[in-house]
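The values are calculated or read from the model by the stated rules, or taken from the named source; none is laboratory data. Treat the numbers as computed from the prediction; the structure is a model and nothing was measured. All Cβ positions, even for glycine, are placed from backbone atoms using ideal geometry, and neighbour counts span all protein chains on display. The protein model used for the area step is the full one, side chains on, heavy atoms only, and it has no ligands, DNA or RNA in it. Shrake-Rupley method; radii C 1.70, N 1.55, O 1.52, S 1.80 Å.
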Amino acid sequence: MSNTSFDPADVARRVHEDETEDLFVLDVRNEDDYDEWQIEGSTNVPIYDELLEYDYSSLEDHLDELPTDTEIAVVCVAGITSARAGEFLREHGFDAKSVDDGMNGWGRVHRQYDVDGADGAVQIVRPGTGCVSYLAHDGDEAIVVDPSQYVDQYLDAADERDLEIVGVADTHAHADHVSGARRLAGELDVPYYLHRDDAGELENVTLLEDGETIPVGERDIDVIHTPGHTPGSVSFRLGDGLLSGDTLFLRSVGRPDLEDGDEEAIRTAASQLFDSLERLTDLEDETVVLPGHFSDESIRPLATELGELREETTNELLSYVEDGDEEAFVETIVESLADEPANYNEIKQINWGKEQPGGDVEELELGPNNCAAN
């Protein structure tokens, strides 16, 4: 980080974790881009096109709206026009810096958290995309669950804790981000675990079945088949921790329409999801739910005991499961589906082994994940 720029990871720390430091995030991208995907709590002044032409008149018109006693992090698409804006603001007396690589850099940030109440779980969050992955460990061994394509993040996290990665697993074939599981498993020469119903045309996969276990250290990770989001979705149980993948989130559940957009198929998948959630809600109240995604939840690590999740009113779809109302559950999902994740069909083809990732693979997954049913 220079004296004129912010590392995106530092912005993430200050936005999500450090309540003692104020930071004003100024997003200068166009309104449509901002509405689709933004840093939580940021302010949009849509002057991106003007800054591209070195026109600062509109920015000058907004100076009265900016804080004079707070650091300003200016963000654009790739960090170029925000650097121009930051320089202009500093010339006018503001403590402004550009966010390196802009929203592209924001999408690559990963943050680590040890999870209290779920011994043996390290949560790795991508705040820019809402994706969550894990190191599940015991003794000096670890399994990586749902890794992103940035595999060095997991190698570093394991090295920091003197852990040996002995396996890599995906809870399902992802539609919102390119999985790094096969690459990581290949580099380390360890098994890659995936349920057979999501394996597509992949080779060199250790296929999972319901009720099986994955060994790590002196413990076993229990495999629970929880179809609905995808046919092969699974949840992993490690002690009191439940790595629920895209089956159960803290405020919603996984959407069932990313395999087949036909309404009848969606209803069938939604019914499967209902059954899977009934199975998960039969677990003990003390079970710590560790989801594969988040939306705007500010708690870190992202974890809630199942008993508390049942009592809260923020997860309407889970309340239908608690009431045994499958019809209302299915109808609510069918009527409230949002836009699909960006480039999700191409991402699925890569994760199924049907296409090879190209040079622009990072750009495929930038943006909101949209994997939850609204």
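In the range 322-344, the residue that is nearest to the chain's Cα centre (by Cα) out of those that are farther than 26 Å from Thr281 by Cβ and open to solvent by 80 Å² or more (accessible area, probe 1.4 Å) is Glu340.
When the test is whether a residue is closer than 28 Å to Glu36 by Cα, surrounded by 21 or more Cβ atoms within 10 Å (Cβ to Cβ) and at pLDDT below 95, Pro127 passes it.
Entry remark, the range 133-152: residues being within 16 Å of Val178 (Cα to Cα) and either in contact with a Cys (Cβ under 9 Å, 6 or more places away or on another chain) or surrounded by fewer than 23 Cβ atoms within 10 Å (Cβ to Cβ) (or both) number 6 in total. Criterion applied to Val11, Val25 was being assigned to a helix (DSSP H, G or I), in contact with a strand residue (DSSP E or B) (Cβ under 8 Å, 6 or more places away or on another chain) and closer than 14 Å to Gly102 by Cβ, and the one residue passing it is Val11.
For the criterion of being of a type outside the set (A, V, I, L, M, F, W, C), open to solvent by 10 Å² or more (accessible area, probe 1.4 Å) and within 20 Å of Ser179 (Cβ to Cβ), Pro231 passes.
Among the residues of the range 48-74, those that are closer than 15 Å to Gly102 by Cα, surrounded by 18 or more Cβ atoms within 10 Å (Cβ to Cβ) and either basic (Lys, Arg) or at pLDDT below 95 (or both) comprise Tyr48, Leu51.
For the criterion of being open to solvent by 80 Å² or more (accessible area, probe 1.4 Å), under 29 Å from Glu40 (Cα atoms) and assigned to a helix (DSSP H, G or I), Glu308 passes.
Yes or no, residue by residue, for (1) surrounded by fewer than 20 Cβ atoms within 10 Å (Cβ to Cβ); (2) modelled with pLDDT under 95; (3) under 30 Å from Ile299 (Cα atoms):
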| site | (1), (2), (3) |
| --- | --- |
| His174 | no, yes, yes |
| Pro191 | yes, no, no |
| Glu203 | yes, yes, no |
| Glu218 | yes, no, no |
| Ile221 | no, no, yes |
| Gly239 | yes, yes, yes |
| Pro256 | no, yes, yes |
| Glu264 | yes, yes, no |
| Leu273 | no, no, yes |
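Residue-by-condition table, conditions (1) among the charged types (D, E, K, R); (2) within 27 Å of Leu364 (Cβ to Cβ):
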residue: Asp260; (1), (2): yes, yes
residue: Glu286; (1), (2): yes, no
residue: Gly307; (1), (2): no, no
residue: Ala328; (1), (2): no, no
residue: Val334; (1), (2): no, no
